[in-house]
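Q: What follows is a single structure, and I will ask about it in a moment.
Just so you know, all these numbers are worked out from the coordinates, no wet-lab data involved. Since the structure is predicted, the reported quantities are computational estimates derived from the model, not experimental observations. Neighbour counts are summed over all protein chains in view; Cβ atoms, including those assigned to glycine, are modelled from backbone coordinates with ideal geometry.
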């Protein structure tokens, strides 16, 4: 038997999340196949075939998978499931949407957002916004798993490309229809895979100040921009910038928290960052308890200085 | 249209959860419990549909111990019409919760089920999708906007790069994200009125569902701590440290 990893991709290529989830999927042992479902996704399938440890790539190239909506993808996965011991997907918005539907159709209790694979049936995952680590063993014969990608390093390319095999599309249950999407266009790296993240909190005070203070320092560093829930709730930053328990979980090399007090729900989304910098005028702010480097003071004075200082060292 | 909402009793959002020293779980004795925040958003959305004349009745369902009746009572005070408590002291996993809810949906025949996208205790983010699967219904997860049109529902969803809109055939499942609405506080007169609203009681066995866990929890531990570092005195010192000591620039 073998395990199946469901790829996250943009058609032409793979998202970083796929190579990270692959690392978790390989830790299960056994042969590993990757499914690339989409429309016009040959490029992504070929990229998947090059990843180390992939024995075979399945490609389901069909209009019904163009937007990776849950109902048709779940139907496809349920059809493929009989050949696999485990079905794995990164816990991206798509993975979170699709996989529990697959699990219930297979009568399996999903293991959500695993942070460590201890064996083929035993995993670690976080509960209560990361306040506790649970070690769980699945008693189900088949496993359905989503992977917290910030907890795994990406797998690189292997020596030889694996074969790519087409699979037939499954019947579309015809329950939902894609209407449209508004994706934020940005030259910046993706929040969940950026090497550096600069985040602003409520103390930034306005959307204009995000543009004036936070974004320039992020661009100087080639960083993604994040935000605390308070900043998003106040309308200072778009929803998809939110870092935290119910937003995105990031673990960059450098995380710069500006004007963020550090509620547990925010820490849940960034405390695995390699180096954390906190800039806050309240020296008692909890963010300083997790920061490697703290700077107490007024962000409106410090952040422009920081942007200038980075320019001096050629950033 | 009848709308069903689900409400879970969880440790309050503001409580700092502590792991028990013997690794058997987290400390739940004498801890403040509240309605899961995403479920409050679900209740609010249902009430707004009723106020807009699109929903006729709101049924709030909870699965949990006797005290989960208080959580239902909160939903009734906000504006739900009646409650159903599926009483159990066991820890019920999302799959079993979805099976129980599927039975209740079969009895109640709602046109829409609105649920929180995840509970802030186990952080699973599964139950809505699982219920949709078991019923063969479409799902609109992580909703930031819900528009009822005829028997269908158009849902704007929060996805990784922004927003996606899908049109679902009714009946459907919607799970709420944070920005769908701001839940109201119950007024005192409504809290009084809620005391008279009915709550029916059942058990998982009445629904014919085996709630034995599929995931065995081997242990629960503290996450590795992160030590606070140092305070630096100036921006120049910070940049110097990041460049030379941390090597991240």
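Q: Set the Förster distance to 56 Å, then compute FRET efficiency between residue A:311 and residue A:137 from the Cβ-Cβ distance, nearest 0.05. It would help to have the intermediate numbers written out before the result.
A: Values: r = 53 Å, r/R0 = 0.94.
My answer for the efficiency is 0.60.
Q: Report the residues of the range A:1-16 in range of a label on residue A:27: point 7 Å along Cα→C-beta, backbone N strictly under 17 Å from it.
A: Taking a point 7 Å out along Cα→Cβ of residue A:27, the residues of the range A:1-16 whose backbone N falls under 17 Å are A:3-6.
Q: Please report, to two decimal places, log10 I(q)/I(0) for the range B:1-113 at q = 0.15, 0.19, 0.21 Å⁻¹ as given by the Debye formula with identical point scatterers on the Cα atoms and no solvent.
A: Each listed q maps to, in turn, -0.67, -0.99, -1.15.
Q: Among A:67, A:9, A:266, which comes first, then next, by fewest other beta-carbon atoms within 10 Å? Walk me through the numbers on the way to the answer.
A: Numbers: A:67 20, A:9 23, A:266 27.
The fewest-first ordering by Cβ neighbours comes to A:67, A:9, A:266.
Q: Please work out the ratio of the alpha-carbon Rg of chain A to 2.2 N^0.38 Å and round it to two decimals. Write down the numbers at each step before the final one.
A: Values: Rg = 20.7 Å, N = 315, 2.2 N^0.38 = 19.6 Å.
Compactness ratio reported: 1.06.
Q: Right, another one. Under the rule of -39500 (n - 2.57) per DSSP H run of 4 or more residues, summed and divided by the residues of chain A, what mean residue ellipticity at 222 nm is obtained, to the nearest 500 deg cm²/dmol?
A: So the calculated ellipticity at 222 nm is -6500 deg cm²/dmol.
Q: Within a 10 angstrom radius of the beta carbon, how do A:293, A:255 rank from fewest other beta carbons to most? Please list the in-between numbers first.
A: Numbers: A:293 23, A:255 30.
With the sparsest Cβ surroundings first, the list reads A:293, A:255.
Q: Jot down the per residue volume, in cubic angstrom and as a whole number, of the convex hull over the alpha-carbon atoms of the range A:72-143. Write down the numbers at each step before the final one.
A: Working: hull volume 6.3 nm³, N = 72.
For the range A:72-143, the hull spanned by Cα atoms encloses 88 Å³ per residue.
Q: Rounded to a whole number of µm²/s, how large is the Stokes-Einstein D of the range B:129-230 at 37 °C and 0.692 mPa s, given Rh as the Kirkwood radius over C-alpha pairs?
A: Working: Rh = 18.4 Å.
For the chosen part, D equals 178 µm²/s.
Q: Still on this structure: Measure nothing fancy, just the Cα-based angle from helix A:70-80's long axis to the longest principal axis of chain A, in degrees from 0 to 90, nearest 10.
A: 40
Q: Rounded to a whole number of µm²/s, how large is the Stokes-Einstein D of the range A:180-279 at 10 °C and 1.306 mPa s, given Rh as the Kirkwood radius over C-alpha pairs? Don't skip to the end; give the middle numbers.
A: On the way: Rh = 13.0 Å.
Reported coefficient: 122 µm²/s.
Q: What angle, in degrees between 0 and 90 and rounded to the nearest 10, separates the Cα long axis of helix B:94-108 from the longest principal axis of the Cα atoms of chain B?
A: Roughly 20 degrees between the two axes.
Q: Based on a Kirkwood Rh over C-alpha pairs, give the Stokes-Einstein translational diffusion coefficient of the range B:67-106 at 4 °C and viscosity 1.567 mPa s in µm²/s.
A: On the way: Rh = 11.3 Å.
My calculation gives 114 µm²/s for D.
Q: If each of residue A:172 and residue A:66 carries a label point 7 Å out from its Cα toward its Cβ, how far apart are those two points in nm?
A: Each label point lies 7 Å from its Cα, and together they span 0.8 nm.
Q: Using alpha carbons only, how many angstrom separate the centre of the range A:1-17 from the centre of the range A:42-116?
A: A separation of 8 Å, based on Cα centres.
Q: Run through the DSSP bridge list for the protein assembly as shown and note the antiparallel percent, rounded to the nearest 5.
A: Details: 41 of 114 bridges.
About 35 percent, rounded to the nearest 5.
Q: Compute the FRET efficiency between residue B:82 and residue A:283 as 1/(1 + (r/R0)^6), taking r as their Cβ-Cβ distance and R0 = 60 Å, and round to the nearest 0.05. Working shown, then result.
A: Details: r = 51 Å, r/R0 = 0.85.
Result of the calculation: an efficiency of 0.70.
Q: Helix B:68-78 versus the longest principal axis of chain B: what is the Cα-based angle in degrees, 0 to 90, to the nearest 10?
A: It is inclined by approximately 80 degrees.
Q: For the range B:2-245, count the residues as N, evaluate 2.2 N^0.38 Å, and divide the Cα radius of gyration by that value, please. Kindly include the intermediate steps, with their values, before the conclusion.
A: Details: Rg = 20.6 Å, N = 244, 2.2 N^0.38 = 17.8 Å.
Dividing the Cα Rg of the range B:2-245 by 2.2 N^0.38 Å gives 1.16.
Q: Along each of its three principal axes, how wide is the spread of alpha-carbon positions in the range B:135-182, in whole angstrom units, largest first?
A: Principal-axis extents of the range B:135-182 (Cα, largest first): 26, 20, 16 Å.
Q: Here's something else I'd like to know. Contour minus end-to-end for residue B:234 and residue B:205, with contour as 0.36 nm per residue of separation and end-to-end as the Cα-Cα distance? Show your work: numbers first, answer last.
A: Working: separation 29, 0.36 × 29 = 10.44 nm, distance 6.44 nm.
4.0 nm is the gain from fully extending residue B:234 to residue B:205.
Q: Roughly how many Å is it from the Cα centre of the range B:171-192 to that of the range B:48-85, as a whole number?
A: When both Cα centres are located, 9 Å separates them.
Q: Among bridges DSSP assigns within chain A, what percent are antiparallel (round to 5)? Walk me through the intermediate numbers first.
A: Numbers: 11 of 56 bridges.
Bridges in chain A are about 20 percent antiparallel.
Q: Based on alpha-carbon positions alone, could you give the equivalent ellipsoid semi-axes of the range A:155-232 from the gyration tensor, as √(5λ), descending, whole Å? Don't jump to the answer; show the numbers that get you there.
A: Details: eigenvalues 276, 103, 21 Å².
The three semi-axes for the range A:155-232 are 37, 23, 10 Å.
Q: Quick one: A:15, A:301, fewest Cβ neighbours within 10 Å first, how do they rank? Show your work: numbers first, answer last.
A: Values: A:15 21, A:301 11.
The fewest-first ordering by Cβ neighbours comes to A:301, A:15.
Q: Would you list the P(r) distribution for the protein assembly as shown, with all Cα-Cα distances sorted into 20 Å bins from 0 and each bin expressed as a whole %?
A: Taking every Cα pair in the protein assembly as shown, the percentages come to 21, 54, 24, 1.
Q: I would also like to ask the following. Considering the range A:20-115, what Rg and Dmax in Å follow from its alpha-carbon atoms?
A: When restricted to the Cα atoms of the range A:20-115, Rg and Dmax are 12.8, 33 Å.
Q: Extending each Cα 7 Å along its Cβ direction at residue B:154 and residue B:196, get the distance between those two points in nm, one decimal.
A: With each label point 7 Å from Cα toward Cβ, the separation is 4.0 nm.
Q: Which percent, to the nearest 5, of DSSP beta bridges fully inside chain B are antiparallel?
A: Numbers: 17 of 43 bridges.
Given both bridge residues lie in chain B, the antiparallel proportion sits at roughly 40 percent.
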